[in-house]
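Let me begin by presenting the structure, written as structure tokens, before commenting on it.
The values are calculated or read from the model by the stated rules, or taken from the named source; none is laboratory data. Only a predicted model underlies this, so the values are computations on that prediction, with no experimental measurement involved. No Cβ is skipped: glycine too gets one built from the backbone with ideal geometry, and neighbour counts run over all protein chains shown.
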């Protein structure tokens, strides 16, 4: 039996500044995310999860600082989750239940390489 390792899920979506979800839609999104995260946590597979804010800065190689988030292919990273799994395939199966997919977003699942001291 292989041991568990950590994998990161990166959640991306296309921002739409014109779309303002209703209170009911926001409530449903919170419930969906709570269920998704809770189901992983109850299986003792959750290491951590973070939703990213909408304020940020980017620093380029010439040390120039610019306001805002990186938008690549019209998508931004909205958050991440680190999960424990026996394989990349197991982590992908967990990611398939992500509410971001219902919102038209994507989940990228990546292995994590520990940093050596």
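Take region 1-20 and flag every residue that is within 17 Å of residue 78 (Cβ to Cβ) and modelled with pLDDT of 85 or more.
8, 9, 10, 11, 12, 13, 14, 20
Of the numbered conditions (1) closer than 14 Å to residue 5 by Cα; (2) surrounded by fewer than 12 Cβ atoms within 10 Å (Cβ to Cβ); (3) in contact with a strand residue (DSSP E or B) (Cβ under 8 Å, 6 or more places away or on another chain), residue 58 fails exactly one; give the number of that condition.
(1)
Would you confirm whether or not region 88-100 contains a residue that is closer than 19 Å to residue 3 by Cβ, out of contact with any strand residue (DSSP E or B) (no Cβ under 9 Å at 6 or more places or on another chain) and in a helix (DSSP H, G or I)?
Yes; the residues of region 88-100 include at least one that is closer than 19 Å to residue 3 by Cβ, out of contact with any strand residue (DSSP E or B) (no Cβ under 9 Å at 6 or more places or on another chain) and in a helix (DSSP H, G or I).
Just name the residue that is farthest from residue 71 (Cα to Cα) out of those in region 21-38 that are modelled with pLDDT under 95 and surrounded by 14 or more Cβ atoms within 10 Å (Cβ to Cβ).
28
Could you tell me which residue of region 78-102 is nearest to residue 15 (Cα to Cα), considering only residues that are in contact (Cβ under 8 Å) with a residue 60 or more places away in the chain and surrounded by fewer than 16 Cβ atoms within 10 Å (Cβ to Cβ)?
Going through the qualifying residues, I end up with 102.
Going by the conditions given, is residue 41 in contact with a strand residue (DSSP E or B) (Cβ under 6 Å, 6 or more places away or on another chain), assigned to a helix (DSSP H, G or I), modelled with pLDDT of 95 or more and surrounded by 11 or more Cβ atoms within 10 Å (Cβ to Cβ)?
No.
Hey, any hits in region 50-73 for a residue that's within 15 Å of the chain's Cα centre (by Cα) and in contact (Cβ under 8 Å) with a residue 60 or more places away in the chain?
no
Within region 103-116, which residues are surrounded by 15 or more Cβ atoms within 10 Å (Cβ to Cβ) and assigned to a strand (DSSP E or B)?
106, 107, 109
In region 9-29, how many are within 16 Å of residue 106 (Cα to Cα) and not in a strand (DSSP E or B)?
4
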